[in-house]
Amino acid sequence: MTGVGAGVIADETERADKIADNVVEHQLGYSESKLLEKIEYALQRLDAGTYGICDDCHKEINIERLKAKPSVSLCIHCQSRKEQQRR
Ligand SMILES: [Zn+2]
C-alpha cells in the first residue's frame with residue numbers, strides 16, 4: 001500500500017505546517033485570534049485548491065508576495081486598491 005495518495009496527503013500537510021509557521025513568524029504582534037483566523041482561512045484555501053489565488057480578480061498572487069506574507073488573500077493590485085478605498 002504505497003499509493004500516490006498517501007504521499008500527496010503528507011505533502012499537503014507539510015505545506016500547511018510551513019504556512020502556519022511562516023504566518024506565526026511574520027505576524028508577531030498581531031492579536032492571536034486574528035492570526036488563527038488567517039491561518040484557518042489559508043488552510044481552507046489550501047484544501048480547496050485556491051491558495052495563492054486572489055479573492056478579488058482570481059488571478060495568481062505573486063509568489064514572492066506569498067513568501068513574504070503567506071496569509072495574503074489578495075494580489076498586490078487588489079490589495080492596494082482596497083487600501084486606497086479605505087481612506
Ligand atoms: Zn487581485
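A short reminder: the numbers here are calculations on the coordinates, not readings from a lab. What you see is a predicted model, and the numbers here were worked out from it, not measured in a lab. Here Cβ is always computed from backbone atoms with ideal geometry, including for glycine, and neighbour counts include all displayed protein chains.
At-a-glance table
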quantity	calculated
Identity of the residue in the range 46-73, within 13 Å of the ligand (Cβ to nearest atom) and among the β-branched types (Val, Ile, Thr), that ends up nearest to the chain's Cα centre (by Cα)	Val72
Every residue from the range 56-87 that is among the aliphatic types (A, V, I, L, M) and free of Cβ contacts under 8 Å to residues at least 24 places away in the same chain	Ile61, Ile63, Leu66, Val72, Leu74, Ile76
